[in-house]
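Structure first, commentary second.
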Amino acid sequence: MTSPLPASAAPLDPFLHLTRPTSFLDYETDAVQEFVDHVVDDRSADRRTNAVKLYYAVRDTVDYEVYGADLSVTGLKASSTALARSGFCLHKSALYAAAVRALGIPSRLVYGDVRNHLASPRLLAHIGGDVFFHGLTQVYLEGAWVKATPVFNKLLCKLYGMQALEFDGRGDSLHHPYGQEGGAMEFVKDHGTFDDLPYEFVMASMRRSHPRFVEGDGTVSGGSLADEAEPAVKA
């Protein structure tokens with residue numbers, strides 16, 4: 001007969017390390033804590049409910065903007081995005097990952113290459129084609145990992161004539177597959193999951209894939225995705 005393990009030898013939570021603050025997922029900062037408190041009424045409430053609330057807060061209260069985005073070490077920290085209330089997928093996925101960790105919900109960052117079938121001519125010229133280096137988040141809810149993409153805010157989606165991505169905490173929230181109504185993205189390569197934002201890998205990928213777009217530790221200055229959508233909307 002096998003004796004039960006002593007309490008000190010009991011298996012540890014395999015995802016415990018994915019709830020801790022990191023250099024980039026710095027949820028212990030006032031900026032991220034205040035962001036979470038503004039959205040979540042009760043931190044002890046149902047995890048899925050709170051994760052969904054935070055998803056929509058990141059999606060719609062942080063403007064999606066690529067021009068002039070700060071890609072420095074400081075600029076990509078969750079706390080910086082919480083204060084700036086602006087950024088693109090790299091910034092917004094890190095903020096969401098940090099915000100849910102602040103509630104004890106395990107999270108990881110996911111990176112890949114996507115083909116964007118809905119982008120302005122100016123952006124395509126700077127990117128150097130229609131394949132973009134892309135970031136999103138995985139969260140562990142109700143015993144399963146689900147992908148969440150709180151990236152394109154509702155207003156920007158409306159300007160570009162696409163549906164904003166919804167999230168219920170149970171199924172993956174990814175870009176609508178190309179070919180479906182409102183579809184704009186096609187995943188072409190998966191770079192895997194990461195416990196923290198892998199800065200050197202991210203910047204090397206950006207410089208390799210989008211050399212004209214990255215200027216030092218920032219992106220091309222000037223311009224606005226919303227303004228570039230206006231001619232299409234007015235037509």
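The values are calculated or read from the model by the stated rules, or taken from the named source; none is laboratory data. Nothing here was measured: the structure is a model prediction, and the numbers come from that model. Heads up, the Cβs are rebuilt from the backbone with ideal geometry, glycines too, and the neighbour counts pull from every protein chain shown. Surface accessibility is based on the protein's heavy atoms, side chains included, excluding ligands, DNA and RNA. Shrake-Rupley method; radii C 1.70, N 1.55, O 1.52, S 1.80 Å.
Inside the stretch 3-33, can you point out the residues that are modelled with pLDDT of 95 or more, among the charged types (D, E, K, R) and more than 12 Å from R101 (Cα to Cα)?
Hit for the stretch 3-33 is D30, nothing else.
Are there any pairs with C-beta distances below 7 angstrom linking a residue in the stretch 188-210 that is more than 19 Å from N116 (Cα to Cα) and in contact (Cβ under 8 Å) with a residue 12 or more places away in the chain to a residue that is of a type in the set (G, A, S) and open to solvent by less than 30 Å² (accessible area, probe 1.4 Å), with the two at least 6 apart or on different chains, and if so which?
L197/A94
With buried (at least 17 other Cβ atoms within 10 Å of the Cβ) and assigned to a loop (DSSP other than H, G, I, E, B) as the only criterion, which of Y67, Y111, Y55, Y96 stands out?
When all the criteria are applied, what remains is Y67.
Looking for whichever is open to solvent by less than 10 Å² (accessible area, probe 1.4 Å), more than 23 Å from A144 (Cβ to Cβ) and not aliphatic (A, V, I, L, M) here; the options are T81, T61. Which one fits?
T81
Only strands (runs of 3 or more DSSP E) wholly contained in the stretch 116-235 count here; list those with 2 or more residues that are at pLDDT 85 or above, surrounded by fewer than 13 Cβ atoms within 10 Å (Cβ to Cβ) and not hydrophobic (A, V, I, L, M, F, W, C).
Details: elements: 131-141, 144-148, 185-194.
Filter on the stretch 116-235 gives 185-194.
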